[in-house]
Amino acid sequence: LLSFYGHLRIIENNGADQFVLEDLVESVVGIESAWHWFNVGAEYENYDSSLLPTESVRLFEYVTFPLSWRSSLRLSADQSWVSYPETDEEVQRFLHNIAYLSQLTQKLSFEIDGSYNIERGQNDITLNRDLLAANLELNYLVGKTSFTATYEYRYDDYLNETRHRNTAYLRVRRLF
């Protein structure tokens with residue numbers, strides 16, 4: 001019903017003077033609660049980096065509705081506030097996602113999802129970004145071999161430039 005978590009990561013790099021290497025101490029603490037189909041949580045991250053230190057607070061919510069024994073609908077939202085102490089900048093990020101998963105047969109399943117990601121800078125307009133994404137994935141299992149066909153669409157509006165990207169790929173994976 002309730003969990004607390006945290007992690008600490010320390011990286012110290014040694015290299016020649018001509019290389020720019022990042023040293024960092026990253027600490028994360030969080031709390032999460034799950035009840036039946038609902039999940040909610042909050043976390044704090046301190047990313048003390050020699051290149052660009054940040055502090056962030058994140059809230060997240062997930063809801064999964066079982067529609068039948070073969071399919072489910074998942075809604076999720078993620079909000080984060082990131083501050084950059086060295087530049088006195090703050091960025092707000094909001095991510096909304098919806099996904100439908102279905103097991104069509106014992107060997108065939110698919111997932112379709114869409115997301116909308118909004119980033120807004122407090123002082124710097126160049127930090128504003130909108131990203132729209134849609135994915136369709138079809139999985140087929142034959143023995144220990146799985147075939148995954150994926151189509152991805154991305155719409156990115158950043159720095160007054162709009163980009164569209166279409167990607168399709170096939171992955172074959174064999175377990176031994």
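The values are calculated or read from the model by the stated rules, or taken from the named source; none is laboratory data. These numbers were taken from a predicted model, which means no experiment stands behind them. Because the Cβ atoms are built from the backbone with ideal geometry, glycine has one as well, and the counts that use them run over all protein chains shown. Just the protein is used for accessible areas: all its heavy atoms, side chains included, with ligands, DNA and RNA removed. Shrake-Rupley method; radii C 1.70, N 1.55, O 1.52, S 1.80 Å.
Some notes on this structure:
- For Ser72, the solvent-accessible surface computed with a 1.4 Å probe is close to 30 Å², ligands and nucleic acids excluded.
- Per residue accessible area in Å² of the range 1-42, where ligands, DNA and RNA are left out and the probe is 1.4 Å: 79 Å²
- Inter-site label distance for Leu141 and Leu2 at 7 Å from Cα along Cβ, in nm: 3.7 nm
- Accessible area per residue for the range 82-149, computed on protein heavy atoms with a 1.4 Å probe, is 60 Å².
- Förster-model FRET efficiency, 30 Å R0, Glu22 and Asn97, C-beta, rounded to 0.05: 0.50
- Amide H partners (placed H, <5 Å) of Asn128, local residues excluded: Gly121
- Per-residue SASA entry for His36, accessible area with 1.4 Å probe, Å² rounded to 10: 150 Å²
- Probe 1.4 Å - accessible area at Phe38, Å² to nearest ten: 80 Å²
- Considering every alpha-carbon pair of the range 110-176, the percent of pairs per 10 Å bin, from zero through the bin containing the longest distance, is 18, 34, 24, 16, 7, 1.
- Overall shape of the range 1-67 was characterised from the C-alpha gyration tensor. The equivalent ellipsoid obtained from it has semi-axes of 36, 11, 10 Å, in decreasing order.
- Every pair of different Cα atoms in the chain enters the Kirkwood calculation, which places the hydrodynamic radius at 19.6 Å.
- At most 12 other Cβ within 10 Å, DSSP loop - GluC sites (Glu not before Pro), the range 27-91: Glu86
- Think of the chain as having a plus end and a minus end, set by charges on the Cβ of Lys, Arg, Asp and Glu; of Ser102, Leu127, His7, Ser102 sits farthest toward the positive end of this dipole.
- The range 1-59, accessible surface, carbon-and-sulfur percent (1.4 angstrom probe): 59 percent
- When Trp37, Trp81 are compared by accessible surface with a 1.4 Å probe, the order from highest to lowest is Trp37, Trp81.
- For the range 128-142, backbone phi angles converted through the Karplus equation (6.51, -1.76, 1.60; θ = phi - 60°) give residue-by-residue couplings of 7, 8, 10, 9, 10, 9, 9, 9, 10, 10, 10, 10, 10, 10, 10 Hz, Gly and Pro being listed as x.
- The range 13-43 and the range 92-116 have Cα centres lying 25 Å from one another.
- Note on the chain: with charges restricted to the Cβ of Lys and Arg (+1) and Asp and Glu (-1), its dipole about the Cα centre is near 1620 debye.
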